[in-house]
Amino acid sequence: MRRALELAERGAGWTSPNPLVGAVIVRGGRIVGEGYHQRFGGPHAEVLALEAAGEEASGADLYVTLEPCVHWGKTPPCVEWIIGAGIKRVIVAVRDPNPLVDGRGLARLRQAGIEVVEGVLAEEARKLNEPFFKFITTGRPFVILKLAMSLDGRSATRTGESRWISNERSRELVHWMRSRYAAVLVGINTVLKDDPQLTARLEGARDPWRIILDSEGRLPLDAQVLRLESAAPTVVATTQGMPPAKEEELLRRGARVWRLKSRAGRVDLADLLARMGAEGLDSLLVEGGPTVAASFLEAGLVDKIVFFIAPKIVGGPVSAIAGSGVERLTEAWQLRDISVRMLDGDLVYESYLG
């Protein structure tokens, strides 16, 4: 199953909004077939593993990271392929929460006389597909808040200098995250200050959708997010505060403009996530500055945090998270399932809210 999880990870960034799935076929103590879901709309992991195994699949065990599908989608049901190949036993990490599946695939296998084992490395499998699990059950993207800060919690110096707080290895990980998740978001102030590209600049990486929060239409027409060539679109999330003429100019430059509800003069973030879900975007990496970070936290929309903490003390007023803050410690956002690792001196702190 660990091998199946490793295979599944290879599809990261390419299968969305479908899940990451890996499959391994074992017969007589040796692997005779492997496969993973490589691209949205492409063959499923089980089918590729069965094709690799050929006749040796008959009487073998199939290890798969997610319950095989039992419904027609972009491809035929995997359970029928498994039954037809003569698989003897299926070991599944976790059930598929998709209402079209959710136990039906396992029931069909058992009905066909195939032994089914559930729950092998289930937590690892759930974490691998945390965006899919949220998206398929709520219709909303999984939200990751990424911040880089000094040891004393500052995102910039008192003059506004912020490049670079984190080190090169940390920045490489951020590019991988952009490739991994469906969309990346920043506020208009970040664009005005840094003019970022918001692309995944790694070999073979996939660019995310780039979403700019710009309630009044201040995005410069020569910004890099409008000039760069990428298969992924740039979206300007705005309100009725954007002048129609500015919208027309943005559309001419290839951007998409989403006019959304407003809250206190800013883009309503819940409405934004609803629109993202309708577009099939299952995950969002929030890379905005202190104000955007506070807005997502205060709205209760963050699922996971990834904080890069550099071994530097900066001082000054520029906190990594703005907003009004909490009055009492009992009101602070509580974190769980914490993991910490080092990258050339930077501390990478990952956790979940709730």
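The values are calculated or read from the model by the stated rules, or taken from the named source; none is laboratory data. Just so we're clear, the structure is a prediction, and the values are computed from it rather than from any experiment. No Cβ is skipped: glycine too gets one built from the backbone with ideal geometry, and neighbour counts run over all protein chains shown. Only protein heavy atoms, including side chains, enter the accessible area calculation; ligands, DNA and RNA are left aside. Shrake-Rupley method; radii C 1.70, N 1.55, O 1.52, S 1.80 Å.
Data overview
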{"quantity": "Near pairs, Cβ below 7 angstrom, 6+ apart or cross-chain, from the stretch 4-23 (touching a residue at least 24 places away in the same chain (Cβ under 8 Å) and acidic (Asp, Glu)) to any residue that is buried (at least 24 other Cβ atoms within 10 Å of the Cβ) and part of a loop (DSSP other than H, G, I, E, B)", "calculated": "GLU9/LEU20"}
{"quantity": "VAL326 of a type in the set (A, V, I, L, M, F, W, C) and in contact with a Ser or Thr (Cβ under 6 Å, 6 or more places away or on another chain)", "calculated": "no"}
{"quantity": "Check on GLY41, of a type in the set (Gly, Ala, Ser), under 22 Å from the mean Cα position of the chain (by Cα) and at pLDDT below 95", "calculated": "yes"}
{"quantity": "Candidate set: the stretch 262-288, residues that are assigned to a loop (DSSP other than H, G, I, E, B) and within 24 Å of GLN240 (Cβ to Cβ); chosen: the one most open to solvent (accessible area, probe 1.4 Å)", "calculated": "ALA264"}
{"quantity": "Tally of residues being under 22 Å from the mean Cα position of the chain (by Cα) and at pLDDT 95 or above across the stretch 98-127", "calculated": "7"}
{"quantity": "PRO220 vs. criteria open to solvent by 10 Å² or more (accessible area, probe 1.4 Å) and touching a residue at least 12 places away in the same chain (Cβ under 8 Å)", "calculated": "yes"}
{"quantity": "Qualifying residues in the stretch 15-59 (those that are of a type in the set (A, V, I, L, M, F, W, C) and within 17 Å of ALA93 (Cα to Cα)) - the one most open to solvent (accessible area, probe 1.4 Å)", "calculated": "VAL26"}
{"quantity": "For TRP209: the one exception among (1) more than 25 Å from the chain's Cα centre (by Cα); (2) under 19 Å from LEU301 (Cβ atoms); (3) surrounded by 15 or more Cβ atoms within 10 Å (Cβ to Cβ); (4) not charged (D, E, K, R)", "calculated": "(1)"}
{"quantity": "Subset of the stretch 328-354 that is open to solvent by less than 80 Å² (accessible area, probe 1.4 Å) and on the phi > 0 side of the Ramachandran plot - its residue that is nearest to the chain's Cα centre (by Cα)", "calculated": "GLY354"}
{"quantity": "LEU100 out of contact with any Gly (no Cβ under 7 Å at 6 or more places or on another chain), closer than 21 Å to THR137 by Cα and surrounded by fewer than 14 Cβ atoms within 10 Å (Cβ to Cβ)", "calculated": "yes"}
{"quantity": "Pairs, first farther than 30 Å from ALA270 by Cα in the stretch 143-171, second assigned to a helix (DSSP H, G or I) and polar (S, T, N, Q), C-beta under 9 Å, six or more apart", "calculated": "TRP164/SER170"}
{"quantity": "GLU130 under 26 Å from the mean Cα position of the chain (by Cα) and surrounded by fewer than 19 Cβ atoms within 10 Å (Cβ to Cβ)", "calculated": "yes"}
{"quantity": "Residue match in the stretch 47-69 (condition: free of Cβ contacts under 8 Å to residues at least 24 places away in the same chain and at negative phi)", "calculated": "yes"}
